Amino acid sequence: MPIAKPAAERFNRPQRMVLGALACAATALIAAPLSGTLDLANMVMPFLLTVLLVAVGLGREAGIVAAVLAVVLFDVFFVPPRFSLAVSNLQYLITFAVMLATALLTAHLAAGLKRQAEVAGARERRSRALYEVARRLAGALAPGQVDEAVRAFVADELGGESRLRVDALPAPGAALAWFDEAAAARARETGQTLRPPAAPGTVYLPLAAPMAVRGVLALRLPPFAAGHDDEPALLEALASLAAIAIERLHYVEVAQRSELETATERLRSSVLSALSHDLRTPLTVLVGLADSLTLVKPPLPAPALETAAALRDQAARLAERVTKLLDMARLSAGPIRLRKEWQPLEEVVGSSLKLLQDALAGHPVRVELPAQLPLLAFDAVLIERVLCNLLDNAAKYSPPASGIAITAAIADGTVEVAVCDRGPGFPPGDDGHVFGMFVRGPLAANTPGTGLGLAICRAIVDAHGGTIRTETRSGGGACVVFGLPRGEPPRLELEVS
Amino acid sequence: MNEPVPRVLLVEDEAQIRRFVRLALEEEGCAVLEAGTLAAALAGAASAPPELAIVDLGLPDGSGVDFIRRLRGWSQAPVLVLSARTEEHDKINALDAGADDYLTKPFGVGELRARVRALLRRQPAAAAQPPQLAFGRVKVDLTQRRVERDGEPVHLTPTEYRLLVILLGHPGQVLTQRRLLREVWGASGGDNSHYLRIYISHLRQKLEDDPAQPRHILTETGVGYRFVT
């Protein structure tokens with residue numbers, strides 16, 4: 001116990017009373033020789049002084065004992081007839097009464113003042129210690145330092161033990177005998193301070209920070225500290241300081257993480273952009289120059305023009321694969337950032353068909369969308385890519401002039417979109433294998449492709465929280481069906497025409 | 001051949017791309033001025049104001065978007081952007097800076113010529129919009145605020161009509177969502193993008209033969225809309 005105890009606490013109650021009595025006796029012995037030379041009125045004074053000192057030094061009870069004893073000793077030693085309790089002049093009874101009253105009052109006031117001074121002193125010390133722990137917590141860089149600061153405070157100020165249990169961190173390895181998991185969990189749940197009756201002296205305080213409850217502070221206090229008047233307020237202040245420190249550390253970590261993510265994202269994006277630029281520029285030159293050969297005057301002979309057209313087609317196809325590879329790299333290199341907006345599905349179906357009009361030439365395309373399709377929240381650019389890849393596959397793997405269908409249906413919670421062809425279909429029992437990266441169907445060997453189209457589709461649909469699967473079309477052919485969650489479309493206030 | 005030859009400023013850092021684009025432009029009867037850097041482009045535009053600018057976004061000494069912004073300070077000549085990037089926000093930035101259309105690399109010569117022709121053709125018309133327009137089976141009389149399809153009047157709500165007029169006023173040009181929102185709903189239109197899509201879909205239902213595969217009101221996914229006659 002590092003705190004120096006006041007004199008009043010160094011002795012127990014009987015000891016203090018005996019000391020008070022002894023002090024009065026000593027006064028009587030010292031003053032006795034002066035009896036006769038000094039006025040009786042003056043002889044009262046040393047006794048009152050003694051009572052005052054006893055009250056200040058030893059507390060109220062010792063003061064009362066001293067006050068009563070002072071009156072008795074004064075009567076016995078100084079009031080004639082001396083060495084007897086008898087009183088010659090009844091006027092002295094008034095003296096006794098006033099003396100007793102004065103002594104008691106003095107004892108009472110002195111003891112009260114002393115007590116107040118002690119309480120103020122203790123409060124000041126606590127405040128300074130709290131300030132000190134607040135300063136340490138404000139500078140803490142890790143939860144471990146918060147724990148240490150709290151532990152030091154509890155040990156120094158209260159002589160107890162503490163354990164900080166933070167939600168976001170794993171429970172510390174070494175178990176404490178007194179720590180009760182169930183009680184800690186209950187305090188965490190209810191957000192109320194808990195003092196389990198079964199384990200007196202233990203306290204579980206929720207770490208209630210401004211934004212959330214962040215954990216529990218468990219304490220075991222020695223009996224004298226646990227019963228203290230301002231103990232609840234003190235512990236609450238401590239728990240609140242610790243909670244704020246933990247929350248501050250939490251947000252520092254969140255900020256650092258998001259900063260790192262942004263930097264990584266920016267780097268990834270700039271690397272991919274540079275790569276895209278460097279790969280596309282020569283392809284642009286190839287496509288453009290091959291095209292330009294058709295403009296040469298005088299016109300080139302037919303075989304040369306055919307070569308130019310073949311060059312152009314191959315360059316364009318290469319460009320398409322580069323796009324797919326870069327798309328896949330972008331989609332698989334980290335979290336996909338969706339620019340989701342509420343929109344009708346019809347629009348993105350239309351723009352996909354327009355983009356693929358060359359590849360789809362010759363295939364009759366049937367679009368069947370329910371009239372009352374709700375708005376869906378999706379990233380139009382990415383869903384357009386899904387539809388383009390599916391339509392491209394449908395055109396590539398189905399016989400010329402065979403029909404392709406885009407249909408949508410409302411299922412519970414989702415809207416399912418299907419792209420179906422009249423090709424050979426998917427091998428039975430494939431179980432989503434075709435959605436893997438660089439996976440190509442057994443019949444695809446003679447068709448150019450990268451094996452990335454469906455993998456890109458799955459990555460995009462997954463990012464939207466949807467599902468994608470293959471089906472066999474009734475009457476022969478393949479279907480790829482993807483579902484997008486319906487969510488809660490915004491309420492619309494449209495003009496009435 | 002007394003027709004004035006349109007002057008085209010070609011801003012592109014890759015010499016081989018300049019070569020085939022120049023060939024295609026000359027085939028269209030244009031006089032081509034080439035610039036390989038932002039500085040050269042600004043100097044060229046100042047010395048001989050072009051009737052059309054074709055601008056690559058990634059220049060060695062700056063961004064094509066900067067060039068467009070500066071050019072728009074004093075010229076209304078149409079601008080066609082060549083972009084190697086597929087990121088939609090680059091296109092949106094260029095369009096918001098004042099570009100009229102864009103081509104994503106790689107592009108074919110045929111595509112390029114078609115865009116150039118469209119941009120050069122609409123140039124004189126941009127000054128005054130003719131009061132009567134027709135596309136597909138639709139006739140629009142701007143003086144009468146009348147829209148007809150196959151001779152039958154089509155009823156449009158005020159917002160639909162306003163949107164249609166804006167689209168008709170910029171044939172062939174890509175209008176960004178942001179711009180359409182601002183012009184139809186004013187400054188407060190920022191959050192209305194789903195309304196924009198719904199009114200576009202209404203216009204298609206009322207005016208297009210097949211609203212699911214529109215031929216006049218086209219979507220530039222992630223960027224905006226384009227009206228073609």
- Which of the cysteines found in the protein assembly as shown have nothing to pair with, since no other Cys Cβ lies under 4.7 Å from theirs? A:C24, A:C388, A:C457, B:C30
- Message: Net charge within 14 Å of A:G476 by Cβ-Cβ distance, Lys/Arg positive one each and Asp/Glu negative one each, not counting A:G476 itself?
- Response: 0
- Task: Calculate for the protein assembly as shown the 222 nm mean residue ellipticity that helices alone would give, adding -39,500 (n - 2.57) per DSSP H run of length 4 or more and normalising by residue count, nearest 500 deg cm²/dmol.
- Result: -16500 deg cm²/dmol
- If you put +1 on each Lys and Arg Cβ and -1 on each Asp and Glu Cβ, how big is the dipole of chain B around its Cα centre, in Debye rounded to 20? 520 debye
- Item | Under 21 Å from the Cα of B:K91 - lysines, other chains or at least 8 residues apart | A:K324, A:K340, A:K354, B:K105
- Item | Additional length obtainable on full extension of the chain from A:A25 to A:I336, 0.36 nm per residue less Cα span | 102.8 nm
- Does anything in segment A:177-213 have its amide N under 14 Å from the 7 Å Cα→Cβ label point of A:V254, and if so which residues? A:209-213
- Item | Mean Kyte hydropathy of 0.5 or more with a Cα span along the axis of at least 24 Å, helices from DSSP in chain A | A:13-31, A:40-58, A:60-77
- Note on the structure: Contact-by-burial set, segment A:279-297, min loss 20 Å², accessible area of protein heavy atoms with 1.4 Å probe, reference chain alone, gives A:R280, A:T281, A:T284, A:V285, A:V287, A:G288, A:L289, A:D291, A:S292, A:L295, A:K297
- Integer Hz, Karplus 6.51/-1.76/1.60 couplings in order for segment B:5-10, x for Gly and Pro: 7, x, 8, 10, 9, 10
- Task: Would you please classify the overall shape of segment B:28-167 from the alpha carbon gyration tensor, given that a ≥ b ≥ c denote the square roots of the eigenvalues, rounded means a/c under 1.5, and beyond that prolate means a/b larger than b/c while oblate covers the rest?
- Result: prolate
- Under a point spin-label approximation (7 Å from Cα along Cα-to-Cβ), what is the A:V296-A:D358 distance to one decimal in nm? 2.1 nm
- Query: Extension gain A:R82-A:E306, at 0.36 nm per residue separation less the Cα-Cα distance, in nm?
  - Reply: 66.0 nm
- Item | Filtered chymotrypsin sites (Phe, Trp or Tyr not before Pro), segment A:10-119: DSSP coil and at most 13 other beta carbons within 10 Å | A:F83
- Taking Cα pairs under 8 Å and at least six residues apart, what relative contact order does chain B come out at, in percent? 14 percent
- Item | Order by protection proxy (mean Cβ within 10 Å, highest first), peptides A:456-463, A:366-373 | A:456-463, A:366-373
- Per its Cα gyration tensor (rounded if a/c is under 1.5, else prolate when a/b beats b/c, else oblate), segment B:155-199 is best filed as oblate
- Note on the structure: For A:L452, the residues 5 or more places away or on another chain with a placed amide H closer than 5 Å to its own amide H are A:F438
- Using only the alpha carbon atoms of the protein assembly as shown, find the Kirkwood hydrodynamic radius as the inverse mean reciprocal pair distance, in angstroms to one decimal. 34.2 Å
- Message: Probe radius 1.4 Å, ligands and nucleic acids left out: which of A:M211, A:M45 has the largest accessible area, and how do the rest follow?
- Response: A:M211, A:M45
- Query: What is the distance, in nm, between label points placed 7 Å from the Cα along the Cα-to-Cβ direction at B:R72 and at A:L373?
  - Reply: 3.4 nm
- Do you know which residues of segment B:134-177 lose at least 20 square angstrom of accessible area in the protein assembly compared with their chain on its own, with a 1.4 angstrom probe? B:H155, B:T157
- Rounded to a whole %, the carbon-and-sulfur portion of the accessible area of segment A:379-482 at a 1.4 Å probe is 55 percent
- Which whole-Hz couplings ³J(HN,Hα) result when phi for each residue of segment B:19-31 is put into the Karplus expression 6.51 cos²θ - 1.76 cosθ + 1.60, θ = phi - 60°, listed in order with x for Gly and Pro? 4, 7, 5, 4, 4, 5, 5, 5, 4, 7, x, 9, 8
- Can you pull the three principal axis extents for the Cα set of segment A:1-154, in Å, largest first? 81, 23, 22
- Task: Would you jot down the residues in segment B:3-47 that end up with at least 30 Å² less accessible area in the complete protein assembly than in the chain alone, with a 1.4 Å probe?
- Result: B:Q16, B:I17, B:F20, B:L23, B:E27
- Å² of accessible area per residue within the protein assembly as shown, as computed with a 1.4 Å probe and no ligands counted: 50 Å²
- Item | Cut-off under 5 Å, modelled amide H: who pairs with A:W178 long-range | none
- Query: Which value, in square angstrom to the nearest 100, describes the accessible area buried between chains B and A on both sides, using a 1.4 angstrom probe?
  - Reply: 3600 Å²
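The values are calculated or read from the model by the stated rules, or taken from the named source; none is laboratory data. No experiment lies behind these values; they were computed from the predicted model shown. Note: ideal-geometry Cβ built from the backbone for every residue, glycine included; neighbour counts use all protein chains shown. These area figures cover heavy atoms from the full protein model, side chains too; ligands, DNA and RNA do not enter into them. Shrake-Rupley method; radii C 1.70, N 1.55, O 1.52, S 1.80 Å.
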